[in-house]
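The values are calculated or read from the model by the stated rules, or taken from the named source; none is laboratory data. The shown structure was predicted, so the numbers you read here are calculated from the model rather than taken from an experiment. Counting neighbours? That spans all protein chains shown, and the Cβs are built from the backbone with ideal geometry, glycine included.
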Amino acid sequence: MHMADALLSPAVAATMYVASGSAAAYSISKLKKDDEQSKLPVMAVSAAMVFAGQMINYTIPGTGSSGHLCGGMLLSALLGPYAGFLSMITVLTIQCLFFADGGLMALGANIWNMAFYGCFVGYFLIWKPIMGSSLFGAKDDHNAERLRIILASILGCVVTLQLGAFSVVLETTLSGIAELPFSAFAGLMLPIHLAIGLVEGLITAAVLTFVYEARPELLQCVGAAAKTGSKMSLKQTITVLAVITCLVGGGLSLYASSNPDGLEWALFGNADGGYAQNMGLNEEEFGISSQAAETASAIQETTSFLPDYAFKDNDSAAGTTVSGLLGSAIVAAAAVLICMAGGFFRKKKTA
């Protein structure tokens with residue numbers, strides 16, 4: 001769902017930067033009161049895992065499209081909405097600057113569409129209410145807690161991806177792109193992201209269920225009784241998640257679907273693969289041209305040393321592996337440093 005600069009007018013792009021920046025500033029202010037140092041390794045590995053997961057496009061059968069993990073629900077369930085949102089900003093910014101994934105002018109919109117809904121709407125309206133309820137059984141019922149995790153993960157991913165997809169449609173409409181009529185574009189974006197959200201929900205549920213079994217206190221809003229049932233140490237849990245991240249980013253990324261993602265599929269279709277043409281736009285000529293977009297593109301061309309997760313002027317598969325491993329490491333380090341610089345920890349006063 002990474003938007004390109006050509007999909008936005010400078011005015012809409014600037015508005016979305018302000019909206020996302022305001023949410024980031026609020027998140028930083030809330031985290032100044034947080035003093036849980038155990039979150040540092042969890043933050044590092046979970047942000048890296050989302051980066052690696054976003055490299056894996058999974059095919060949506062019968063459509064000619066594919067989808068990938070967004071990660072907002074996953075991070076907010078592990079870190080809370082504020083640290084989760086800042087971690088998502090880190091992932092999306094590094095993807096944009098170093099790997100040319102999503103436009104630089106469109107970064108504010110991409111943060112809003114892919115991070116805000118999952119981290120705030122998904123957490124406060126879906127995850128927290130469901131996990132705080134007695135749905136399926138009492139709070140100290142292990143099986144009931146597992147079912148609540150699965151339901152909240154799937155429902156949260158489906159709903160928040162629908163909101164993100166609708167925002168893409170709304171932002172392009174407000175940008176005045178006549179080639180993308182609101183009703184037709186929405187009619188393509190929402191159904192395909194319903195399917196993508198369902199798959200993401202299942203992936204998120206699998207990861208969070210593992211964490212619940214291994215180290216339940218790492219999950220937000222889990223019942224107090226469950227926190228005494230850890231089966232693995234924190235170090236072991238972090239190690240397992242780190243190994244999974246390396247395998248996904250460095251290995252499974254080589255087998256990602258080549259089908260266009262939900263947004264590209266809606267815009268350009270997949271006629272070459274024998275599927276619908278959809279909006280049928282020319283990929284080289286669509287959208288809005290502006291001086292701001294040209295400037296952003298020039299900056300991005302300079303900063304992206306592994307564009308499209310590959311070596312420049314080299315189609316070697318090693319470029320994908322290097323991108324997955326290096327990108328995950330950069331994200332892990334940056335997520336921690338940014339949150340620390342923003343006052344994530346309060347220094348304890350000594351006598």
Top-ranked residue in segment 77-102 [being among the small types (Gly, Ala, Ser) and assigned to a helix (DSSP H, G or I); ranked as surrounded by the fewest Cβ atoms within 10 Å (Cβ to Cβ)]: Ala83
Selection status of Ile111, touching a residue at least 12 places away in the same chain (Cβ under 8 Å) and crowded, with 24+ Cβ neighbours inside 10 Å: yes
Test: Met105 is touching a helix residue (DSSP H, G or I) at 6+ places or on another chain (Cβ under 6 Å), among the aliphatic types (A, V, I, L, M) and not in a helix (DSSP H, G or I): yes
Qualifying residues in segment 160-169 (those that are without any contact (Cβ under 8 Å) to a residue 40 or more places away in the chain and of a type in the set (A, V, I, L, M, F, W, C)) - the one surrounded by the fewest Cβ atoms within 10 Å (Cβ to Cβ): Phe166
Meets criteria (surrounded by 15 or more Cβ atoms within 10 Å (Cβ to Cβ), within 20 Å of Gly132 (Cα to Cα) and touching a residue at least 24 places away in the same chain (Cβ under 8 Å)) for Leu234: no
Residues of segment 105-147 classified as closer than 18 Å to Gly164 by Cα and not aromatic (Phe, Trp, Tyr), total: 16
Matching residues, segment 280-303, being touching a helix residue (DSSP H, G or I) at 6+ places or on another chain (Cβ under 6 Å), of a type in the set (S, T, N, Q) and at pLDDT 95 or above: Thr303
Test: residue in segment 126-134 that is of a type in the set (S, T, N, Q), crowded, with 23+ Cβ neighbours inside 10 Å and either under 25 Å from Ile299 (Cβ atoms) or more than 15 Å from the chain's Cα centre (by Cα) (or both): no
Hits in segment 248-288 (condition: in contact (Cβ under 8 Å) with a residue 24 or more places away in the chain, touching a Phe, Trp or Tyr at 6+ places or on another chain (Cβ under 8 Å) and either surrounded by fewer than 14 Cβ atoms within 10 Å (Cβ to Cβ) or on the phi > 0 side of the Ramachandran plot (or both)): Gly269, Asn278
Pairs where the first residue, in segment 207-219, is touching a residue at least 12 places away in the same chain (Cβ under 8 Å) and the second is hydroxyl-bearing (Ser, Thr, Tyr) and assigned to a loop (DSSP other than H, G, I, E, B), C-beta under 6 Å, 6+ apart: Arg215/Ser230
Near pairs, Cβ below 8 angstrom, 6+ apart or cross-chain, from segment 289-307 (within 15 Å of Ile94 (Cα to Cα)) to any residue that is among the hydroxyl-bearing types (Ser, Thr, Tyr) and in a helix (DSSP H, G or I): Leu306/Ser323
Criterion: surrounded by 16 or more Cβ atoms within 10 Å (Cβ to Cβ), at pLDDT 95 or above and at negative phi - qualifying residue of Leu190, Leu218: Leu190
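Results for (1) among the hydrophobic types (A, V, I, L, M, F, W, C); (2) under 16 Å from Ala165 (Cα atoms); (3) assigned to a loop (DSSP other than H, G, I, E, B), shown as yes or no for each residue.
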position: Met3; (1), (2), (3): yes, yes, yes
position: Ala19; (1), (2), (3): yes, no, no
position: Ala25; (1), (2), (3): yes, no, no
position: Met49; (1), (2), (3): yes, no, no
position: Met73; (1), (2), (3): yes, yes, no
Those residues of segment 331-351 which are surrounded by fewer than 18 Cβ atoms within 10 Å (Cβ to Cβ) and either among the charged types (D, E, K, R) or at pLDDT 95 or above (or both), in sequence order: Arg346, Lys347, Lys348, Lys349
Selection from segment 138-157 of residues that are assigned to a helix (DSSP H, G or I) and surrounded by fewer than 22 Cβ atoms within 10 Å (Cβ to Cβ): His142, Asn143, Ala144, Arg146, Leu147, Ile150, Leu151, Ile154, Leu155
Number of positions in segment 170-187 that are surrounded by fewer than 22 Cβ atoms within 10 Å (Cβ to Cβ) and in a helix (DSSP H, G or I): 8
Subset of segment 55-69 (residues that are closer than 18 Å to Cys246 by Cα and either small (Gly, Ala, Ser) or surrounded by 24 or more Cβ atoms within 10 Å (Cβ to Cβ) (or both)): Met55, Leu69
